[in-house]
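Undergrad: Below is one structure. I have some questions about it.
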Amino acid sequence: MKIEHIKDLIEEKTKLKLQTDSRLQHLVYTRAVLFTLCKKYTTSTLYEIGKLVGRDHASVLHGIKLYNQVIQRYDDRYKDLYNEIEFKIRVHLKLSLKHKDIKYYKHKYGKILVEHRQLLRKYRNLQKKTND
């Protein structure tokens, strides 16, 4: 898949033009999604990826770091955008699931369920403290 195609998918979904000089957060985050997907699914260089939206290789590196350290953890809107575009790319490339073994997903589900229960318990304890 070409980086231009990934850019078109993102611009079509977000209705944004990514090749602008703006540093508004929604544009920066959307470009970070673009950079991360291009790096993961193409063999393009950082220079080529940056050139696509008028940025240099350092901006691409920063965008990938921003996605991995901030957006992926704290901003569900852009994480959902990433997942939606990634799904379209995978369908286009006919890639399968990362792990075919059902045990992996059962284990992961179990860990998430335990974490959910712990958070729910903490939430209830905090509620009790604030009501007292």
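Undergrad: Among the residues in region 11-20, are any hydrophobic (A, V, I, L, M, F, W, C) and more than 22 Å from Leu93 (Cα to Cα)? Write out each step before concluding.
TA: First pass over region 11-20, keeping only residues hydrophobic (A, V, I, L, M, F, W, C): 16, 18.
Going one step further and asking which of them are more than 22 Å from Leu93 (Cα to Cα), we end up with 16, 18.
Looking through region 11-20, at least one residue is hydrophobic (A, V, I, L, M, F, W, C) and more than 22 Å from Leu93 (Cα to Cα).
Undergrad: Here's something else I'd like to know. In region 10-43, what count of residues is obtained for those that are modelled with pLDDT under 95 and surrounded by 15 or more Cβ atoms within 10 Å (Cβ to Cβ)?
TA: Count: 2.
Undergrad: I want to confirm something. Restricting to region 70-106 and keeping residues that are over 29 Å from Tyr29 (Cβ atoms) and loosely packed, with under 11 Cβ neighbours inside 10 Å, which single residue is modelled with the lowest pLDDT? Before the answer, list the steps.
TA: Filtering region 70-106 down to residues over 29 Å from Tyr29 (Cβ atoms) leaves 100-104, 106.
Among the residues that remain, those that are also loosely packed, with under 11 Cβ neighbours inside 10 Å are: 100-103, 106.
Numbers: Lys100: 62, Asp101: 69, Ile102: 75, Lys103: 79, Lys106: 84.
In this case the residue turns out to be Lys100.
Undergrad: Can you pull out the residues in region 71-91 that are over 10 Å from the mean Cα position of the chain (by Cα) and not aromatic (Phe, Trp, Tyr)?
TA: From region 71-91, those over 10 Å from the mean Cα position of the chain (by Cα) are 74, 87-91; that's our starting set.
Within region 71-91, Lys88, Ile89, Arg90, Val91 meet the criteria.
Undergrad: Hey, could you check region 53-63 for residues that are surrounded by fewer than 21 Cβ atoms within 10 Å (Cβ to Cβ) and hydrophobic (A, V, I, L, M, F, W, C) and say which is nearest to Lys79 (Cα to Cα)?
TA: Checked region 53-63; the qualifying residue nearest to Lys79 (Cα to Cα) is Leu61.
Undergrad: Might you let me know whether region 49-68 holds any residue that is within 19 Å of Ile3 (Cα to Cα), in contact with a Cys (Cβ under 6 Å, 6 or more places away or on another chain) and touching a residue at least 12 places away in the same chain (Cβ under 8 Å)?
TA: yes
Undergrad: Among the residues of region 46-83, write down those that are in a helix (DSSP H, G or I) and either touching a Lys or Arg at 6+ places or on another chain (Cβ under 7 Å) or among the aromatic types (Phe, Trp, Tyr) (or both).
TA: The first filter runs over region 46-83 and keeps only residues in a helix (DSSP H, G or I), leaving 46-52, 57-74, 76-83.
Those that are in a helix (DSSP H, G or I) and either touching a Lys or Arg at 6+ places or on another chain (Cβ under 7 Å) or among the aromatic types (Phe, Trp, Tyr) (or both): Tyr47, Ile49, Leu52, Gly63, Ile64, Tyr67, Ile71, Gln72, Tyr74, Tyr78, Leu81, Tyr82.
Undergrad: Which condition number in (1) out of contact with any Phe, Trp or Tyr (no Cβ under 6 Å at 6 or more places or on another chain); (2) farther than 20 Å from Ile85 by Cα; (3) touching a residue at least 12 places away in the same chain (Cβ under 8 Å) is the one that Lys39 fails?
TA: It is condition (2) that Lys39 fails.
Undergrad: Would you check if there is a residue in region 122-132 being without any contact (Cβ under 8 Å) to a residue 24 or more places away in the chain, among the basic types (Lys, Arg) and in contact with a Ser or Thr (Cβ under 9 Å, 6 or more places away or on another chain)?
TA: no
Undergrad: Filter region 1-34 down to the residues that are assigned to a helix (DSSP H, G or I), among the aliphatic types (A, V, I, L, M) and in contact (Cβ under 8 Å) with a residue 40 or more places away in the chain and list them by number.
TA: The first filter runs over region 1-34 and keeps only residues assigned to a helix (DSSP H, G or I), leaving 3-14, 25-34.
Then keep just the ones that are among the aliphatic types (A, V, I, L, M); that gives 3, 6, 9-10, 27-28, 32-34.
Hits for region 1-34 are Ile3, Ile6, Leu9, Ile10, Ala32, Val33.
The values are calculated or read from the model by the stated rules, or taken from the named source; none is laboratory data. The structure displayed is predicted, hence computed values, not measured ones. Cβ coordinates were reconstructed from backbone atoms using ideal geometry, including for glycine residues, and neighbour counts include every protein chain displayed.
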